[in-house]
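Participant: Provided herewith is a single structure, encoded as structure tokens, for subsequent inquiry.
The values are calculated or read from the model by the stated rules, or taken from the named source; none is laboratory data. On a predicted model such as this, the values are computed, not experimentally measured, just so you know. Note that we place each Cβ from the backbone using ideal geometry, even for glycine, and neighbour counts take in every protein chain shown.
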Amino acid sequence: MNPQWFGDSYDIVKRFFIEQLNAAGYQVLVDPMLTGEWNELKTDFYRFLKASPLTEKSTRKSALLLDPDIGIGKKKTKQHITIGDIADHLLRHEVVFSFDQSFSRVGNATEKIQEKLMLLKKTGNYGFYYDSHARFLFAAKSSEILYEVEQQILSSGLPSKRIVKI
């Protein structure tokens with residue numbers, strides 16, 4: 001997350017998902033994967049999102065937001081995470097969700113979404129995408145946990161057509 005983007009519409013979507021996970025009983029932690037100069041803005045960022053830094057200890061079941069600048073790629077970089085990174089985090093958190101804006105404006109995003117969901121499934125985990133201008137991958141250790149998260153999000157009134165599964 002770069003400070004020049006702090007407070008944009010993507011952050012509002014992140015906050016919405018954090019609030020939904022909080023309502024489902026999760027303590028949401030954030031790994032903002034900071035780039036750029038943040039200084040005192042870090043505290044404001046966590047306060048706006050209504051979440052805690054990853055460095056804080058979880059006191060109940062936890063969800064982790066990964067917030068790379070671009071999204072989920074084939075290789076880990078300063079701006080990308082990988083499906084393997086998500087699977088690793090699922091060893092410590094019940095739910096992991098990640099911002100993913102790594103889709104080409106040319107081409108079929110649905111194919112890439114399905115490809116990433118299949119890669120996640122190969123790790124033994126489960127997932128779905130929130131598909132809109134701001135895409136997010138939600139992953140969980142079990143289909144039951146993932147279903148609970150999906151139902152919580154849909155109970156907000158979000159149209160089910162925005163959820164993409166395998």
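Participant: State which residue is farthest from Phe17 (Cα to Cα) when the search covers only segment 41-55 and only residues that are in a helix (DSSP H, G or I) and of a type outside the set (Asp, Glu).
Facilitator: Within segment 41-55, the match that is farthest from Phe17 (Cα to Cα) is Leu41.
Participant: A further question on this structure: Please determine whether any residue of segment 100-108 is in contact with a helix residue (DSSP H, G or I) (Cβ under 9 Å, 6 or more places away or on another chain) and not in a loop (DSSP other than H, G, I, E, B).
Facilitator: No, that holds for no residue.
Yes/no per residue for (1) surrounded by fewer than 18 Cβ atoms within 10 Å (Cβ to Cβ); (2) of a type in the set (Ser, Thr, Tyr); (3) free of Cβ contacts under 8 Å to residues at least 60 places away in the same chain; (4) out of contact with any Cys (no Cβ under 7 Å at 6 or more places or on another chain):
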| residue | (1), (2), (3), (4) |
| --- | --- |
| Gly25 | yes, no, yes, yes |
| Val28 | no, no, yes, yes |
| Arg92 | yes, no, yes, yes |
| Ser98 | no, yes, yes, yes |
| Glu115 | yes, no, yes, yes |
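Participant: Across segment 70-83, what is the total count of residues that are under 21 Å from Gln114 (Cβ atoms) and surrounded by fewer than 20 Cβ atoms within 10 Å (Cβ to Cβ)?
Facilitator: Count: 6.
Participant: Where residues in segment 56-69 are surrounded by 15 or more Cβ atoms within 10 Å (Cβ to Cβ) and among the polar types (S, T, N, Q), which of them is farthest from Leu21 (Cα to Cα)?
Facilitator: Ser58
Participant: Look at Glu111 and say whether it is within 26 Å of Ile145 (Cα to Cα) and modelled with pLDDT of 95 or more.
Facilitator: no
Rundown of residues vs (1) within 23 Å of Leu29 (Cα to Cα); (2) over 16 Å from the mean Cα position of the chain (by Cα), yes/no style:
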residue	(1), (2)
Glu94	yes, no
Met118	no, yes
Asp131	yes, no
Glu144	yes, yes
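Quick grid of which residues meet (1) modelled with pLDDT under 95; (2) under 14 Å from Ile72 (Cβ atoms); (3) crowded, with 17+ Cβ neighbours inside 10 Å:
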| position | (1), (2), (3) |
| --- | --- |
| Ser132 | yes, no, no |
| Ala140 | no, no, yes |
| Glu144 | no, no, no |
| Arg162 | no, no, no |
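Participant: Here is a follow-up. So in segment 1-40, with the set limited to residues that are outside any loop (DSSP other than H, G, I, E, B) and over 16 Å from the mean Cα position of the chain (by Cα), which one is farthest from His133 (Cα to Cα)?
Facilitator: Applying the filter and picking the extreme gives Ala23.
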